[in-house]
Amino acid sequence: MIVTVASFKGGVGKTTTALHLAAYCQTLAPTLLVDGDLNRSALDWAKRGNLPFKVVDEKAAVKFVRNYEHIIVDTPARPNLEELKTTATGCDLLVLPTSPDALAMGALLQVLTALKTLEANYKILLTIVPPPPSRTGIEARESLIAANLPVFKASIRRFSVFQRAALEGVSVNQVKNDSKSGIAWRCYSMVGEEIMS
Ligand SMILES: Nc1ncnc2c1ncn2[C@@H]1O[C@H](COP(=O)(O)OP(=O)(O)OP(=O)(O)O)[C@@H](O)[C@H]1O
Ligand SMILES: [Mg+2]
């Protein structure tokens, strides 16, 4: 299975998503995370700590892919149309993370317009969703469903433990002494289950 994570807008949780989907897939079979972003956030994350799967850049990936069952690819924000097309056609599933705010949702619509002409298999993931009483997450989901768009049943809630995980170079389930690490991990493992089911 090749899963690519992409978005037009920066900072919507692509790298966090790619990394945690890789952590989930690794619990099932050998998984490779390919860092396709020149800012190398995923590789830096891996270098800071200790991840249970291998992370390589896209050039090295060519050599490694045959040894892995699942490949997760992190990509840069603001891809041009051509890049997006190559990305979309080169994977089994394109995961499109978006935070539920108006700016990110607007950028998502741009991606969807670009994807319309392609036979891409994609699914939208709501990320960095603020806790109640905010209703932005619920409203964003309702508007996506009303537009008949494929959206993951699970949303990724906004938890500071995700930032801690990045700092410590681990996945959230490995963060110690944070009461939210379990529920934060559950968000991504539910997405992983949806992908693999
Ligand atoms: N669910 C979440 N809850 C809280 N913070 C989060 C969550 N997901 C991501 N973040 C934080 O938001 C910031 C951006 O996340 P991330 O780097 O994953 O986004 P990105 O889309 O890969 O960004 P870029 O476009 O720069 O590559 C980081 O500081 C990250 O720790
Ligand atoms: Mg990133």
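Read-outs: derived from the displayed coordinates by stated rules, not from any lab. Everything numeric in this text was worked out from a predicted model, so none of it was measured. With ideal geometry, Cβ positions are generated from the backbone for all residues, glycine too; neighbour counts draw on all protein chains shown.
Side notes on the structure shown:
- Between ILE128, ILE145, ILE156, the Gaussian network model of the chain with springs among Cα atoms under 10 angstrom shows the greatest mean-square fluctuation at ILE145.
- Distance (nanometres) between label positions extended 7 Å along Cα→Cβ at GLU58 and SER189: 3.2
- Of the residues PRO131, PRO52, PRO76, the one that moves most in a GNM of the chain with alpha-carbon contacts below 10 Å is PRO131.
- The GluC sites (Glu not before Pro) of segment 1-90 that meet both conditions, a loop assignment by DSSP and at most 14 other Cβ atoms within 10 Å of the site Cβ, are GLU69.
- Annotation: lysines with alpha-carbon distance below 27 angstrom to LYS9 (same-chain offsets under eight excluded): LYS47, LYS54, LYS59, LYS85, LYS116, LYS123, LYS153, LYS180.
- Quarter of the Cα convex hull surface for segment 90-197, i.e. its orientation-mean projected area (nm²): 7.9
- Couplings 3J(HN,Hα) for segment 77-87, derived from phi with the Karplus relation 6.51 cos²θ - 1.76 cosθ + 1.60 (θ = phi - 60°), are 5, 6, x, 7, 4, 4, 4, 4, 5, 4, 4 Hz, where x marks Gly and Pro.
- According to the Cα-based calculation, Rg over Rh for segment 1-89 is 0.94, with Rh computed by the Kirkwood formula.
- Taking SER179, SER171, SER155 in turn, the Gaussian network model of the chain (Cα-Cα springs below 10 Å) assigns the largest fluctuation to SER179.
- Size-normalised alpha-carbon gyration radius of the chain, reference 2.2 N^0.38 Å: 0.96
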